[in-house]
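Okay, structure first, notes after.
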Amino acid sequence: MPITVDIDVMLAKRKMSVGELAERVGITPANLAVLKNGRAKAVRFTTLAALCEVLECQPGDLLRWEAKEAADG
């Protein structure tokens, strides 16, 4: 998927655990792990806003688009 999730980067910068972030955002650690590992199919804007509020960042700090590499051949 061309969208990359950088929650790990922000967690490291804020010296915060996944469990603490999940609790402060109000989602389960399992759901946060799905999002963090790039397996989520969607994210609610309310969840994204809560993540940004807790991590004191912008949505672009958590999500980025990467172009697919051209296929060889």
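Screening Lys15 against (1) surrounded by fewer than 11 Cβ atoms within 10 Å (Cβ to Cβ); (2) under 10 Å from the mean Cα position of the chain (by Cα) leaves a single unmet condition, (2). For Arg64, the conditions (1) touching a strand residue (DSSP E or B) at 6+ places or on another chain (Cβ under 9 Å); (2) among the basic types (Lys, Arg); (3) in a helix (DSSP H, G or I) are fulfilled apart from (3).
Does the range 2-9 contain at least one residue that is among the charged types (D, E, K, R), part of a helix (DSSP H, G or I) and surrounded by 14 or more Cβ atoms within 10 Å (Cβ to Cβ)? No: the range 2-9 contains no residue that is among the charged types (D, E, K, R), part of a helix (DSSP H, G or I) and surrounded by 14 or more Cβ atoms within 10 Å (Cβ to Cβ).
Only one of the listed residues (Glu23, Glu69) is open to solvent by 90 Å² or more (accessible area, probe 1.4 Å) and either at positive phi or part of a helix (DSSP H, G or I) (or both). That residue is Glu23.
Selection of the range 26-60 for residues being in a loop (DSSP other than H, G, I, E, B) and either closer than 16 Å to Ile3 by Cα or free of Cβ contacts under 8 Å to residues at least 12 places away in the same chain (or both) yields Thr28, Asn37, Gly38, Arg39, Ala40, Lys41, Ala42, Val43, Arg44, Gln58.
The values are calculated or read from the model by the stated rules, or taken from the named source; none is laboratory data. Bear in mind that the values here come from a model prediction, so they are computed numbers and not experimental data. When we count neighbours, we look across all protein chains shown, and the Cβ atoms used for this are built from the backbone with ideal geometry, even at glycine. SASA here: full protein model, heavy atoms, side chains in, ligands and nucleic acids out. Shrake-Rupley method; radii C 1.70, N 1.55, O 1.52, S 1.80 Å.
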